[in-house]
Amino acid sequence: MPPETSRTALIVGPDEHTAFLLEFMLQREGFLVRSFPEGASAAEHLAREAPADVVVTDIVMPFVDGFELISRIRADARWQAVPVIVLSSHSADQEIIRALELGANDYVTKPFNAGVLLARIRRHMRTVRA
């Protein structure tokens with residue numbers, strides 16, 4: 001898939017190494033990437049900015065965790081169609097179920113395969129466009 005330059009991705013909450021890797025991967029795919037170290041700053045961004053094309057978020061973050069962030073995204077009509085991918089080291093079934101029930105489109109556990117994650121992002125974006 002050739003890179004498009006008008007797409008925006010939000011990365012929320014992963015450790016610095018993972019954030020760097022995600023930024024690199026998504027920029028190579030043609031995304032303009034906005035990174036937030038935790039959910040509170042991402043939630044502020046969500047309240048005042050136009051929707052992104054995809055959100056990749058962790059679950060465990062201070063103040064506003066990934067579950068709350070997903071809830072806020074799905075509560076805002078502007079963001080409801082935006083694919084939300086959870087990328088977390090937590091793999092308990094209850095957490096996966098909760099994230100999906102709150103409106104996450106996918107849940108990927110760490111360590112992750114970059115190619116698989118990109119394929120999932122592409123698939124969710126194609127679904128939104130259709």
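The values are calculated or read from the model by the stated rules, or taken from the named source; none is laboratory data. Just so it is clear, the model here is predicted, and its values are computed rather than measured. When we count neighbours, we look across all protein chains shown, and the Cβ atoms used for this are built from the backbone with ideal geometry, even at glycine. In case anyone asks, the SASA skips ligands and DNA or RNA and just uses the protein heavy atoms, side chains included. Shrake-Rupley method; radii C 1.70, N 1.55, O 1.52, S 1.80 Å.
Note: relative contact order over the chain, using C-alpha pairs below 8 Å and six or more positions apart, is 21 percent. Extents of the chain, largest first, come to 36, 32, 28 Å (Cα atoms, principal axes, whole angstrom).
A dipole drawn for the chain from +1 and -1 charges on Cβ atoms has a positive end, and of ILE97, ALA50, ALA19 the residue lying farthest that way is ALA50.
Magnitude of the charge dipole for region 59-122, about its Cα centre and with charges confined to Cβ atoms of Lys, Arg (+1) and Asp, Glu (-1), is about 260 debye. Excluding ligands, DNA and RNA, the accessible surface per residue across the chain is 52 Å² with a 1.4 Å probe. Here the chain has 53 percent of its accessible surface on carbon and sulfur atoms, given a 1.4 Å probe and all protein chains in place.
Only Lys, Arg, Asp and Glu carry charge here, each on its Cβ (+1 for the first two, -1 for the last two); on that basis the chain has a dipole of about 580 debye about its Cα centre.
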